[in-house]
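Each remark here refers to the structure printed beneath this line.
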Amino acid sequence: MQDVKAAAAVGTERKTATFRKRLWSQRELILMSFPLVALVILFAYVPIWGWTMAFQQYRPGKSIFDQEWVGFDQFKFLFEDEIFLQVLRNTLAMSVINMVLGFVTAILLALMLNEVKQKFTKRFIQTVSYLPHFLSWIIVTGIVATSLSIEDGIVNDVLMRLGLISEPILWLGTPKYFWGIVGASHVWKEVGWNTIIYLAAITSIDPSLYEAAEMDGANRYRKIYHITLPGIRPIIVILLIMNLGHILEAGFEVQYLLGNGQVIDYSQTIDIFVLKYGLRIGNYSLATAAGMFKTVISIILLFAANNIAKRLGEERLI
């Protein structure tokens, strides 16, 4: 028994010594990571103490410990409020639309770019598709609003010249079009940037697989279906897990900038709801409860998606 304990102690000492040596050998990287870790702790973890406001009837000017504690009353009010339920519907709908369109368009563009053999053409298409990513949402929403204008918007002009519509459509003033406009705006801005990781994954696929498939008589579409897509499936699963963790983050800028009184029932998201009740109305407790709800649900969905991927034998994020 003593020999077993002594062997275990020796093993622990060796592991500790190995760990210390590894830390010392990577001391430059560790030092370089300190500012990033401090930034994350300062802006991501320290503010969590503010969640206590969700369980209080917070009044500015008083200490956080002198507030009136109300338990889960703020959360009860949230789920009994028709406006919040409407906001939750909008957030989920736009988030799912953005995620589905983002995945499908990015994967399709990556597959098509991979089939382009001329380097100049491929780089030109990549550059053009990447550029919108570097524009702020202020500029993007301005372009979208101008393009959809009822007076001189290019979209109405083209549709009327093609005979698809007889009169201009008030795109940004019609609620049923708003979610589609938001989804299309996200695709136009981010599709090129989102293809980068898929193209990188495609380049890591063994070229001999394509050569063997060609010898067996497989055409271009068969190669994509049987080699390319299975080769990038782990990346697709990991990105899907990461996006599911942000399912309640449909965005703020595009909805806030393109939204108006005519489409308010379809444009408000949880972030806009938090801004409205937190800063404009001054109900900090209700705004904190809404933000806390979004964060907790996102964490639950992240772990659920990761567990499902594990059970299916796919790549996991954690």
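The values are calculated or read from the model by the stated rules, or taken from the named source; none is laboratory data. From a predicted model like this one, the values you see are computed outputs, not experimental measurements. Using ideal geometry, Cβ is built from the backbone for each residue, glycine included, and neighbour counts are taken over all protein chains shown. In case anyone asks, the SASA skips ligands and DNA or RNA and just uses the protein heavy atoms, side chains included. Shrake-Rupley method; radii C 1.70, N 1.55, O 1.52, S 1.80 Å.
Selection of first residues in region 269-280 that are within 10 Å of LYS294 (Cβ to Cβ) and of second residues that are hydroxyl-bearing (Ser, Thr, Tyr), restricted to Cβ pairs under 9 Å at least 6 apart or on distinct chains, gives the following pairs, ordered by first then second residue: THR269/THR91; THR269/SER95; THR269/TYR256; ILE270/THR91; ASP271/THR91; ASP271/TYR256; PHE273/THR91; VAL274/THR288. Restricting attention to region 257-264, does a residue exist that is open to solvent by 50 Å² or more (accessible area, probe 1.4 Å), out of contact with any Phe, Trp or Tyr (no Cβ under 9 Å at 6 or more places or on another chain) and either charged (D, E, K, R) or under 30 Å from ALA309 (Cβ atoms) (or both)? No, region 257-264 contains no residue that is open to solvent by 50 Å² or more (accessible area, probe 1.4 Å), out of contact with any Phe, Trp or Tyr (no Cβ under 9 Å at 6 or more places or on another chain) and either charged (D, E, K, R) or under 30 Å from ALA309 (Cβ atoms) (or both).
Look at (1) closer than 16 Å to TYR277 by Cα; (2) without any contact (Cβ under 8 Å) to a residue 12 or more places away in the chain and you find that PHE55 fails only one, number (2).
Looking only at region 304-318, filter to residues that are of a type in the set (A, V, I, L, M) and more than 10 Å from VAL237 (Cβ to Cβ); which one of those is modelled with the lowest pLDDT? Filtering first and then ranking leaves ILE318.
Scanning region 136-178 for residues that are open to solvent by 60 Å² or more (accessible area, probe 1.4 Å), β-branched (Val, Ile, Thr) and part of a helix (DSSP H, G or I) yields ILE138, ILE139, ILE143, THR146, ILE154, VAL158. Within region 266-305, the residues that satisfy the criterion of being surrounded by fewer than 20 Cβ atoms within 10 Å (Cβ to Cβ) and among the polar types (S, T, N, Q) are ASN283, THR295, SER298. Inside region 179-190, residues that are open to solvent by less than 10 Å² (accessible area, probe 1.4 Å) and either aliphatic (A, V, I, L, M) or at pLDDT 95 or above (or both) make up a count of 1.
For residues in region 247-272 being among the polar types (S, T, N, Q) and outside any loop (DSSP other than H, G, I, E, B), which is nearest to ILE139 (Cα to Cα)?
Among those residues, the one meeting the criterion is GLN255.
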